[in-house]
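So the structure is just underneath, and the comments pick up after that.
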Amino acid sequence: MKSMGDQVMDEEIEYHDDEESFFQDIDMLQKHGINVADIKKLKSVGICTVKGIQMTTKKALCNIKGLSEAKVDKIKEAANKLIVSCAINKLLGGGVESMAITETFGEFRTGKTQMSHTLCEILLNSMCSRPDRLRDIADRFGVDHDTMLDNVLYARAYTSEHQMELLDYVAAKFHEEAGVFKLLIIDSIMALFRVDFSGRGELAERQQKLAQMLSRLQKISEEYNVAVFITNQMTADPGATMTFQADPKKPIGGHILAHASTTRISLRKGRGELRIAKIYDSPEMPENEATFSITAGGINDAKE
């Protein structure tokens, strides 16, 4: 019969083989009030990651010498603050794919920007839309605000032309600091195109410019081995009533955006702060759904 320590070690080995979660060292718990002595007790039985705590029952943790029920409750609470949404991670097959474009789309307040910022905070090397929003997420992950902002490149585009020019700047930075950057976020890809090109008369030109931008993004992602994550908006689908679709809306950008995105994720509202993410299109992952919640600290697993 295996000892509790052996069982925990097996769980840790299984975890390291499972790519469904981001690695988070257990030492991060110090920034959430867990003392070094208690962290050492966890390490002594093979629990070395935040995920490892989540995978271990409260009863098993209480059996560790020196850990009272009150301490275990505090450890569990601290770990829950650090855990990234496992449901979303599982849905994506372990995370956002490198050297590819991942698109997420949905209506207003479905969690597109929060998902972007949570990814940004995890990798701490990205260009995103609202650095001020990252502070709450930094607090959740125990990251110093100044350190966090030092590792984020942020730029606001004012026109679709300006957005394209910024990609040249991004490519130059990626070349200058090769291997440093892991994620490029654009929130949102179509917002400025909708302003700059209005009406059916300008649709062809809009789609041509969009195709050029997406081609540039794909080249950047492959040349510098980065993941590209874009958010997108939705619009009414005139043909939906003819086919009796349940949701008469569709992501904007047409076939050009659809073909450029390797993985497409749709977001919709659930009850309260709950949101549902669904694999809309992917060459590798099956059509599936995941429920998550929106908090000040970013996206998290939905509470039962």
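The values are calculated or read from the model by the stated rules, or taken from the named source; none is laboratory data. Computed from a prediction, not measured in an experiment: that's the story for all the values here. All Cβ positions, even for glycine, are placed from backbone atoms using ideal geometry, and neighbour counts span all protein chains on display. Accessible surface is based on the protein model in full, side chains and every heavy atom, while ligands, DNA and RNA are left aside. Shrake-Rupley method; radii C 1.70, N 1.55, O 1.52, S 1.80 Å.
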Checklist entry - Just checking, how many residues over region 43-62 are surrounded by fewer than 16 Cβ atoms within 10 Å (Cβ to Cβ) and either part of a loop (DSSP other than H, G, I, E, B) or of a type outside the set (Lys, Arg) (or both)? => result 3
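Residue-wise test of (1) surrounded by fewer than 16 Cβ atoms within 10 Å (Cβ to Cβ); (2) modelled with pLDDT of 85 or more; (3) part of a loop (DSSP other than H, G, I, E, B).
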residue: Cys120; (1), (2), (3): no, no, no
residue: Val143; (1), (2), (3): no, no, yes
residue: Met148; (1), (2), (3): no, no, no
residue: Ala157; (1), (2), (3): no, yes, yes
residue: His162; (1), (2), (3): yes, yes, no
residue: Ile189; (1), (2), (3): no, yes, yes
residue: Gln207; (1), (2), (3): no, yes, no
residue: Leu210; (1), (2), (3): no, yes, no
residue: Ser215; (1), (2), (3): yes, yes, no
Checklist entry - Does Thr110 satisfy the criteria of being modelled with pLDDT of 70 or more, in a loop (DSSP other than H, G, I, E, B) and either of a type outside the set (A, V, I, L, M) or more than 17 Å from the chain's Cα centre (by Cα) (or both)? => result yes
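Mind listing whichever residues of region 217-236 are on the phi < 0 side of the Ramachandran plot and open to solvent by 30 Å² or more (accessible area, probe 1.4 Å)?
Selection gives Gln218, Lys219, Glu222, Glu223, Tyr224, Gln233, Met234, Thr235, Ala236.
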Checklist outcome for this item: Sole miss for Phe244 among (1) out of contact with any strand residue (DSSP E or B) (no Cβ under 8 Å at 6 or more places or on another chain); (2) open to solvent by 30 Å² or more (accessible area, probe 1.4 Å); (3) at pLDDT 85 or above is condition (3)
Checklist outcome for this item: The condition from (1) in contact (Cβ under 8 Å) with a residue 60 or more places away in the chain; (2) touching a Ser or Thr at 6+ places or on another chain (Cβ under 9 Å) that Arg206 misses is numbered (1)
Next on the checklist: Could you check region 264-279 and list, in sequence order, the residues that are closer than 15 Å to Gln233 by Cα and either free of Cβ contacts under 8 Å to residues at least 40 places away in the same chain or open to solvent by less than 50 Å² (accessible area, probe 1.4 Å) (or both)?
Outcome noted: Arg264, Ile265, Ser266, Leu267, Ala277
Item to check | Matching residues in region 166-175 - criterion: being over 19 Å from Arg194 (Cβ atoms) and open to solvent by 20 Å² or more (accessible area, probe 1.4 Å) | outcome: Asp168, Tyr169, Ala172, Lys173, His175
Checklist entry - Quick one: in region 176-187, which of the residues that are within 30 Å of Met234 (Cβ to Cβ) and out of contact with any Ser or Thr (no Cβ under 6 Å at 6 or more places or on another chain) is surrounded by the fewest Cβ atoms within 10 Å (Cβ to Cβ)? => result Lys182
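Among the residues in region 60-81, are any closer than 26 Å to Lys278 by Cβ and modelled with pLDDT under 80?
Scanning region 60-81 turns up at least one residue that is closer than 26 Å to Lys278 by Cβ and modelled with pLDDT under 80.
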